[in-house]
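None of the figures in this text is laboratory data; all of them are computed from the coordinates on show. Predicted, not measured: the structure shown is a model, and the values here were computed from it. Don't worry about glycine lacking a Cβ; one is built from the backbone with ideal geometry, like all the others, and counts go over all protein chains shown.
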Amino acid sequence: MDKLKIRTLVRKTIRALNVKDGDVILLKINTEGINDKKQVNAFANAIRAGGRPNCVLIALDNFDDLDVLNEEDMEKHGWIKKVKE
């Protein structure tokens, strides 16, 4: 997929999902013609160029590879700081 097609895909995705700056975007590789590292980077660059430089793009081969941690588990691993009153 060339860069113009990737930018078009990103614009459609951002509009359809109402993506805001700072959102996390999960991208399944091998869908919509995105199937290599260069194309994933082009997708990320298109998101930034579209005015959302703080979005996080996570590209996975399969969504089954994704694990979700709750806030307590994240704190155990040092990923967040809780404000203690």
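Quick rundown of the values:
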{"item": "Burial ordering of Ile58, Ile29, Ile14, fewest other beta-carbon atoms within 10 Å first", "result": "Ile58, Ile29, Ile14"}
{"item": "The chain: calculated mean residue ellipticity at 222 nm from DSSP helix runs of at least 4, using -39500 (n - 2.57)", "result": "-12000 deg cm²/dmol"}
{"item": "Assigned charges on the beta-carbon of Lys, Arg, Asp, Glu; the chain dipole about Cα centre (debye)", "result": "700"}
{"item": "Cα-based reach from Lys37 at 15 Å (exclusive), listing aspartates and glutamates while leaving out same-chain residues under 8 positions away", "result": "Asp2, Asp61"}
{"item": "Bins of 5 Å, starting at 0 and running to the largest distance - Cα pair percent for segment 1-75", "result": "3, 15, 26, 23, 18, 8, 5, 2, 0"}
{"item": "Rounded tilt (10° steps) of 3-17 against the dominant C-alpha axis of the chain", "result": "50"}
{"item": "Those trypsin sites (Lys or Arg not before Pro) in the chain that DSSP places in a loop and that have at most 15 other beta carbons within 10 Å", "result": "Lys20, Lys81, Lys82, Lys84"}
{"item": "Exposure proxy order (Cβ contacts within 10 Å, fewest to most) of Thr8, Thr31, Thr13", "result": "Thr31, Thr8, Thr13"}
{"item": "Fewest-first ranking of Ile6, Ile25, using other Cβ atoms within 10 Å as the exposure measure", "result": "Ile25, Ile6"}
{"item": "Nearest 10 degrees, 0 to 90: helix 37-49 Cα axis against the chain principal axis", "result": "80"}
